[in-house]
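Enquirer: Can you read through this structure? Questions will come right after.
Values in this text are rule-based calculations from the coordinates and carry no lab data. Bear in mind the structure is a predicted one, so any value in this text is a computation, not a measurement. Cβ sites come from the backbone with ideal geometry, for glycine too, and all protein chains shown count toward neighbours.
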Amino acid sequence: MIFELILMSIVGVIFIWMGFLIWKKEKISLIHSYHYTKVKEENKKAYTEQMGKGVTIIGFGIIVTGVIGYVTKTTYDWIFFVLCFVLGFVFIIKAQKKYNGGMF
């Protein structure tokens, strides 16, 4: 179980760091290029903000999943993971549709 906690924490921190770079530093290059080909220059700040928030939420969910799994030794942790993943993915899909005109 400690291995799962460590692994989930490392992966979660990577996602949070990538989300931070996309959101706050506007590193659009961390997103695959075909996902932002139609994003207008004036919309890049809003696009990277929403995409970064989505990735950060997923990362937070990964870390909390590891912690809950380690503390409770139940499968309830994966419920939290699914909720955070879906919420983060909704942020990403909304940004794609709004600023890129679709997923691709």
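Enquirer: Of all residues in the stretch 61-83, which are hydroxyl-bearing (Ser, Thr, Tyr), in a helix (DSSP H, G or I) and surrounded by fewer than 13 Cβ atoms within 10 Å (Cβ to Cβ)? Before the answer, list the steps.
Expert: So in the stretch 61-83, the residues hydroxyl-bearing (Ser, Thr, Tyr) come out as 65, 70, 72, 74-76.
In the following step, the residues that additionally are in a helix (DSSP H, G or I) were identified as 65, 70, 72, 76.
Residues satisfying the conditions are Thr72, Tyr76.
Enquirer: For the stretch 84-104, give me each residue that is surrounded by 15 or more Cβ atoms within 10 Å (Cβ to Cβ) and β-branched (Val, Ile, Thr). Give the steps one after another, and end with the answer.
Expert: Initial filter on the stretch 84-104 (surrounded by 15 or more Cβ atoms within 10 Å (Cβ to Cβ)): 84-85, 87-88, 91-92, 95-96, 99-100.
Scanning the stretch 84-104 gives a single hit, Ile92.
Enquirer: Now for a separate question. Output the residue which, of all residues in the stretch 1-54 that are assigned to a loop (DSSP other than H, G, I, E, B) and among the aliphatic types (A, V, I, L, M), is nearest to Gly69 (Cα to Cα). Quick ask: steps written out before the conclusion?
Expert: Step one: list which residues in the stretch 1-54 are assigned to a loop (DSSP other than H, G, I, E, B), which gives 1, 24-27, 31-32, 36-40.
Remaining after also requiring among the aliphatic types (A, V, I, L, M): 1, 31, 39.
Numbers: Met1: 8, Ile31: 30, Val39: 39 Å.
So the residue we want is Met1.
Enquirer: Might you check whether a residue that is under 20 Å from Met103 (Cβ atoms), of a type in the set (Lys, Arg) and free of Cβ contacts under 8 Å to residues at least 60 places away in the same chain occurs anywhere in the stretch 25-41?
Expert: Of the stretch 25-41, the ones under 20 Å from Met103 (Cβ atoms) are 28-40.
Cutting the leftovers down to of a type in the set (Lys, Arg) gives us 38, 40.
Still in the running and free of Cβ contacts under 8 Å to residues at least 60 places away in the same chain: 40.
Yes, the stretch 25-41 contains a residue that is under 20 Å from Met103 (Cβ atoms), of a type in the set (Lys, Arg) and free of Cβ contacts under 8 Å to residues at least 60 places away in the same chain.
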